[in-house]
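Notes follow the structure.
The values are calculated or read from the model by the stated rules, or taken from the named source; none is laboratory data. Because the structure is a prediction, the values reported are computed rather than measured. Methodologically, a virtual Cβ is constructed for each residue, glycine included, from the backbone with ideal geometry; neighbour enumeration extends over all protein chains shown. When the accessible area is computed, the model is the full protein with side chains, heavy atoms only, and any ligands, DNA or RNA have been set aside. Shrake-Rupley method; radii C 1.70, N 1.55, O 1.52, S 1.80 Å.
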Amino acid sequence: MTESIVLVTGGNRGIGLECCRQLAARGAKVMMGARDVERGERARRSLGDLAASVRVEQLATDDPASIAACSQRLTRDPARLDVLINNAAIYDSADAPATSLPLPVLIRTFATNVHGPLLLTQALLPLLRASSRGRIINLSSGMGQLSGMGTGSAAYRLSKTTLNGFTATLAAELAPDHIAVNSVCPGWVKTDMGGAGASREVAQGADTPVWLAIEAAQELTGRFWRDRAEIPW
Ligand code: NAP
């Protein structure tokens, strides 16, 4: 089998960077999406020998022009994509409970966490269809689980619930193309977003998305995962 070609959004730090590292270590050709190319190049160099398997792509997922330009570059080269990992997201410092959530916070959270994955997926579908093993992995969160909804940070929660809905509907739509679409909760991970007090190392957070990207059975689709096990929506 030829090497997997994988695009990771928000690949310059946190779980995204660790996904790039683990994927490159497993022999994948990695497109590291970074909204700031300089930050992306620094992150790429931090991977040492694995940097040779990684290419930085300017990609701001809340900017439709950046998405279009990136997809045009990828259409020219490498002209195929096996896996898209929609990882980039924000947790806005002004997030609030639903009872007092300012609309602008909801709008900017959705721009990155929901509209970005939707627009990017649409733009890259021809490249995913050019693969015989297309996969889309959406980095979600237990905070978006309808089965265990908690309080606070309503913009972030709603963005992840909506992302999960996107996963489910896209999985159904792309079943005829044999493109697998899944959501992952990485757990509470020590990153800039998760904070130093989080319970998990970044390697654990990246494990399930990387497994879904290259090792999991192609037939697994339309599901929500944590620690390589299915969890309720
Ligand atoms: P992080 O440390 O805050 O890193 C976020 C990454 O997303 C950065 O590379 C950032 O780029 C990028 N990004 C943000 N907005 C972007 C935009 N508009 N365009 C392009 N890139 C953008 O977050 P993380 O903890 O690694 O989280 C990764 C994913 O896991 C997210 O989807 C998050 O919701 C999910 N998650 C995390 C946790 C946790 O405990 N950490 C728990 C559950 C779910 P810049 O460097 O340019 O800002």
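Brief remarks follow.
- Of all residues making up region 157-186, the number that are among the hydroxyl-bearing types (Ser, Thr, Tyr), assigned to a helix (DSSP H, G or I) and under 21 Å from Asp227 (Cβ atoms): 2
- Flag if Ala154 is more than 12 Å from the ligand (Cβ to nearest atom) and open to solvent by less than 30 Å² (accessible area, probe 1.4 Å): yes
- Of all the residues in region 1-28, those that are without any contact (Cβ under 8 Å) to a residue 60 or more places away in the chain, more than 16 Å from the ligand (Cβ to nearest atom) and out of contact with any Leu (no Cβ under 9 Å at 6 or more places or on another chain) number 4.
- Of all the criteria given as (1) open to solvent by 30 Å² or more (accessible area, probe 1.4 Å); (2) in contact (Cβ under 8 Å) with a residue 12 or more places away in the chain; (3) not basic (Lys, Arg), the one not satisfied by Val184 is (1).
- Pairs linking a residue in region 189-211 that is closer than 16 Å to Cys20 by Cα and of a type in the set (S, T, N, Q) to a residue that is open to solvent by less than 80 Å² (accessible area, probe 1.4 Å) and not in a strand (DSSP E or B), with Cβ atoms under 8 Å and 6 or more positions apart or on different chains, are Thr191/Gly14; Thr191/Ile15; Thr191/Ala198; Thr191/Val202; Thr191/Gly205; Gln204/Pro186; Gln204/Gly187; Thr208/Pro186.
- Residue that is nearest to the ligand (Cβ to nearest atom) [pool: residues in region 165-181 that are closer than 20 Å to Ile90 by Cα and open to solvent by 10 Å² or more (accessible area, probe 1.4 Å)]: Phe166
- Taken over region 187-219, the residue count meeting the criterion of being exposed (fewer than 15 other Cβ atoms within 10 Å of the Cβ) and in a loop (DSSP other than H, G, I, E, B) is 10.
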